[in-house]
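What follows is a set of notes on a single structure, which appears directly below.
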Amino acid sequence: MNGNVDRKIEKAYSILRDANKDIDQLFFDHVFLGGLWWLGIALSTLPWILWILFRKKDSTDRLMHAAFSVMLISSLLNTVGVQYHLWMYKFEVLPVIPAYEPWDFTLLPVSAMFLLQFKPHMHPFIKALLFGGITAFIGDPLFQWIGLYDPVNWKSIYSFPIYFIIYLIAHYLSRRQKFAKLN
């Protein structure tokens, strides 16, 4: 590779490393063990406990398959959004993940799983409208109001079709019947 490009890449990574050190210091000085950090811990654990208690036990594997897809898609999109400064989070549970972990790894997947098992014969578009509407127009503004989320260059209306599609993907994957059997 070109030596000039190598130096530019190394310089960019050096800037990122320094910024990450600053973020880590801010986290440990102002976020860790604070009220919004504990809220993040509660939002990371309580929905999973509720799901364990109230899930359809015979549907666990199917629902978890859908939940992992929601986690993967939402965390990827959330990381891209933070990376491109479309939005930011100010009170992380862990400073090493640029997106808000309770949202991507608990609130969205657990909400999707509960919605998947609630009235299973309801049309998935209606459920996707509910999922998209509640997350985009209630969840996002609520997190903004609390001070967890700052939509720097983003509007809730942009999130709605994304959440709508995420739910439809989860619905589709939750209905799959064929998996290869390992011998």
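Read-outs throughout are calculated quantities, based only on the coordinates presented, and are distinct from any laboratory measurement. Bear in mind that the values here come from a model prediction, so they are computed numbers and not experimental data. Counting neighbours? That spans all protein chains shown, and the Cβs are built from the backbone with ideal geometry, glycine included.
Could you please report the charge total around Gly81, scoring K, R as +1 and D, E as -1 over all other residues with beta-carbon less than 15 angstrom from its beta-carbon?
On the way: positive: Lys90, Lys155; negative: Glu92, Glu101, Asp104, Asp140, Asp150.
Overall, the nearby charge balance is -3.
Please give the calculated 222 nm ellipticity per residue for the chain, where each DSSP H segment of at least 4 residues contributes -39500 (n - 2.57) and the sum is spread over every residue; nearest 500 deg cm²/dmol? Working shown, then result.
Values: 7 runs with 115 residues, N = 183.
Helix-only estimate at 222 nm: -21000 deg cm²/dmol.
Exceeding 29 Å between C-alpha atoms, which entries from my cross-link table qualify? They are Lys56/Lys90; Lys119/Lys155; Lys90/Lys155; Lys127/Lys155; Lys127/Lys178. Don't skip to the end; give the middle numbers.
Numbers: Lys56/Lys90 36 Å; Lys119/Lys155 31 Å; Lys90/Lys155 18 Å; Lys127/Lys155 22 Å; Lys127/Lys178 24 Å.
Too far apart for the 29 Å limit: Lys56/Lys90; Lys119/Lys155.
With each pseudo-label sitting 7 Å past Cα toward Cβ, what's the Leu94-Asp22 distance in nm, one decimal?
Rounded to a tenth, the inter-label distance reads 2.4 nm.
Taking the alpha-carbon distance from Lys11 and a cut-off under 16 Å, which lysines remain once sequence neighbours fewer than 8 residues away in the same chain are dropped?
Lys11 reaches Lys21.
Mean-square fluctuation check for the chain, GNM, Cα pairs under 10 Å: which of Gly40, Gly133, Gly147 is largest?
Residue with maximal mean-square fluctuation among Gly40, Gly133, Gly147: Gly147.
Can you give me the Rg/Rh ratio for the chain, using Cα atoms for both radii and the Kirkwood formula for Rh?
Values: Rg = 18.8 Å, Rh = 18.1 Å.
Across the chain, the Cα-based Rg/Rh ratio is 1.04.
Hey, any idea what Rg/Rh is for region 44-118, computing Rh the Kirkwood way over Cα pairs?
On the way: Rg = 13.4 Å, Rh = 13.0 Å.
Ratio of gyration radius to Kirkwood radius: 1.03.
What list of ³J(HN,Hα) couplings, whole Hz, do you get for region 170-176 from phi and the Karplus terms 6.51, -1.76, 1.60, once you set θ to phi - 60° and write x for glycine and proline?
Values, residue by residue: 4, 4, 4, 5, 6, 9, 5 Hz.
Hey, in the GNM for the chain with a 10 angstrom Cα cutoff, which one of His30, His121, His65 fluctuates hardest?
The residue with the greatest mean-square fluctuation here is His121.
Could you give the distance between the Cα centres of region 122-147 and region 88-120, to the whole Å?
Distance between centres, Cα-based: 12 Å.
Please compute the length gained on full extension between Arg7 and Lys178, using 0.36 nm multiplied by the number of residues separating them and subtracting their Cα-Cα distance.
Details: separation 171, 0.36 × 171 = 61.56 nm, distance 4.97 nm.
Result for the pair: 56.6 nm of gain on full extension.
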